[in-house]
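Take a look at the structure below.
The values are calculated or read from the model by the stated rules, or taken from the named source; none is laboratory data. These numbers come from a predicted model, not from an experiment. Every residue, glycine among them, receives a Cβ derived from its backbone with ideal geometry; neighbour counts consider all protein chains shown.
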Amino acid sequence: MGFETEPNLAALAAGRPEAFAALFDQLGPGLLRFARTYLWREADAEDVVQDLFMVLFRDRKRFERVVDLNAYTFAVLRNLSRQRLAQRASELRRLEMARAHASAKCGGDGDDQADFDALHASLAKLPVEQREIIALKIDGDLTFAQIAQVLAISANTAASRYRYAVGKLRAELKSE
């Protein structure tokens, strides 16, 4: 049972997989282009579009009240993109604080090797599951969806482990 022109709102509200597939087929390329332009990072754009479809499915009963499917979908994507930018800014501030802390701890000379050593020591204290998420996300530049595939876990689990790892790193670097 296909959708000739556009996904059926009732089928989306019912959570029918083919309706979500049709929605992705119809809007996916434009959603990804928007996210790329808004976020300026391919990995973040892919993650936020995946997050969008997870949110749309989770909140699928809202489709019963949707008047304009395109506008609704892009509005949700815009909100998720704004959240991602805020998260990115927060992560950058935390990394800068960690660098400053590591630099101060190592005599304040700003030596890159000392910063690396302090961060490496903190990373070594993380559980393996969190350390590999950090490595795949930062060093591998993988999306949470790709990390999920690599580790055979859900994208939500990958994202949660990443958040926990960043939190532990922050706490570890603050306590030193």
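Of the helices (runs of 4 or more DSSP H) lying entirely inside the stretch 27-136, the ones with 1 or more residues being at pLDDT 85 or above are found at 42-58, 69-105, 128-134.
Which members of the stretch 58-83 meet the condition of being surrounded by 14 or more Cβ atoms within 10 Å (Cβ to Cβ), within 17 Å of W40 (Cα to Cα) and of a type in the set (K, R)? Selection gives R78 alone.
In the stretch 149-170, which residues are in a helix (DSSP H, G or I), more than 12 Å from the chain's Cα centre (by Cα) and either over 9 Å from I133 (Cβ atoms) or of a type outside the set (A, V, I, L, M) (or both)? If the condition is that a residue be in a helix (DSSP H, G or I), more than 12 Å from the chain's Cα centre (by Cα) and either over 9 Å from I133 (Cβ atoms) or of a type outside the set (A, V, I, L, M) (or both), then Q149, V150, Y164, V166, G167, K168, L169, R170 are the ones that fit.
Condition check ((1) hydrophobic (A, V, I, L, M, F, W, C); (2) closer than 27 Å to K137 by Cα) across all residues:
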site: N8; (1), (2): no, no
site: G15; (1), (2): no, no
site: A22; (1), (2): yes, no
site: L32; (1), (2): yes, yes
site: D59; (1), (2): no, no
site: R65; (1), (2): no, no
site: Y72; (1), (2): no, no
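In the stretch 137-148, how many are at pLDDT below 85, within 13 Å of the chain's Cα centre (by Cα) and part of a helix (DSSP H, G or I)? Qualifying residue count, the stretch 137-148: 3.
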